[in-house]
1. Mind listing the Cα extents of region 129-201 along all three principal axes, in Å, largest one first?
2. Relative to 2.2 N^0.38 Å, what does the C-alpha radius of gyration of region 138-251 come to as a ratio? Two decimals please.
3. Does region 68-111 classify as rounded, prolate or oblate by the C-alpha gyration tensor (a ≥ b ≥ c root eigenvalues; a/c under 1.5 gives rounded; else a/b over b/c gives prolate, otherwise oblate)?
4. Considering only protein heavy atoms, what is the solvent-accessible area of Lys132 at a probe of 1.4 Å, reported in Å² to the nearest 10?
5. Go through Lys86/Lys111; Lys159/Lys241; Lys132/Lys241; Lys111/Lys159; Lys86/Lys202 and tell me which ones have a Cα-Cα distance over 22 Å in this structure.
6. Using modelled backbone amide H atoms (1.01 Å from N, in-plane), which distant-in-sequence or interchain residues come within less than 5 Å of Gly226's amide H?
7. Net charge near Thr128, counting Lys/Arg +1 and Asp/Glu -1 over other residues with Cβ under 12 Å of its Cβ?
8. What is region 115-181's relative contact order, in percent, from Cα pairs under 8 angstrom and six or more apart in sequence?
Amino acid sequence: MKKTLIAIISVVICAAGFGCTSTVQPMDENPTVSGTAPVPSETTAPAATEVPTEPPTEVPTEPLEMPIDYELPSSAEIKAEAVLQKPELPTGCEVTALCTLLNYLGFSIDKETLFDDFMPHTSNADCTFDDKYIGDPRADNGFGCNAPVVAETAENYLKSVNSDMRVMNLTGTPFRELFYQIEQGRPVVIWGSVNMRDVTFKLRWTTQDGREAWFATLEHCLVLTGYDINNGIVYVCDPLKGNTEYSLERAESVYDQMGQQAVIIYGDNEINSEPDNVNTEIREMAAMERERQAAVNEEINDD
């Protein structure tokens, strides 16, 4: 969950040292978020970690967009279990949503390792949200990132385990066309907001190379796992709430406000060869994470 504009400006000026590298300026405009800015060329090759378990059998096919005149069923749902961002990553919804997707696909990876080892990130305003995660997801006043960063993070991880699965940034896809991905068995990482409330873009800064970075209040990242057109609802794995549902109309509206950002992983994840440095601790940590989440969900249900 992202903080209000006042808290954000405080972090920008005081914590991140933005004044040394760029100009921060609140604005009244409400632009569309771009999900297509270039990904930074500077990347760190992460160490290999975990071999996927229970791999899906889907064979890579392109294009993945919904065919013209394709008739969707009125409802479809994928059974995936949400990974919760708190308490470890209170502002790490993006990497947590990706972790949910990877776990569903059979990969054993925890959200903190996924961020530390595979997600491009910075604590300075030296880039845009399309380049890196900006801020600290372990802090209550962290910022976030856009679809290109989540796509790059997924690619970094998949390469580390020699997986043949592929990543596609579907930014710009109309919301209801994403239902085709669900019907085909592919969960979708999407950008929305906390409780699907309207967002505003009132904070921006300019990087040293002249690009503008915009931050949306209440920005949130989730995994779309199902839809029911007749009842007007969508099913999601929400890193703040767990498995839940929202109004289809509200989810579509906020998705549009956030620039129609979406990412999928598809294809056959049978690895070519076992990584040279498999970290067995990841599997144990993932198991502990699932047990903890189960306990939290049980408490919520009891309440």
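The values are calculated or read from the model by the stated rules, or taken from the named source; none is laboratory data. This is a predicted model, so every value here is computed, not measured. Neighbour counts run over all protein chains shown; Cβ positions are idealised from the backbone, glycine included. Accessible surface is based on the protein model in full, side chains and every heavy atom, while ligands, DNA and RNA are left aside. Shrake-Rupley method; radii C 1.70, N 1.55, O 1.52, S 1.80 Å.
1. Sorted largest first, the three principal extents are 36, 32, 18 Å.
2. Compactness ratio reported: 1.19.
3. Numbers: a/c = 2.94, a/b = 2.31, b/c = 1.27.
Cα axes put region 68-111 in the prolate bin.
4. 40 Å²
5. Working: Lys86/Lys111 11 Å; Lys159/Lys241 30 Å; Lys132/Lys241 25 Å; Lys111/Lys159 17 Å; Lys86/Lys202 26 Å.
Lys159/Lys241; Lys132/Lys241; Lys86/Lys202, as the Cα separations exceed 22 Å there.
6. Ile78, Tyr235
7. Numbers: positive: Lys132, Arg204, Arg211; negative: Asp126, Asp130, Asp131, Asp209, Glu212.
After counting each charged neighbour, the total is -2.
8. 24 percent
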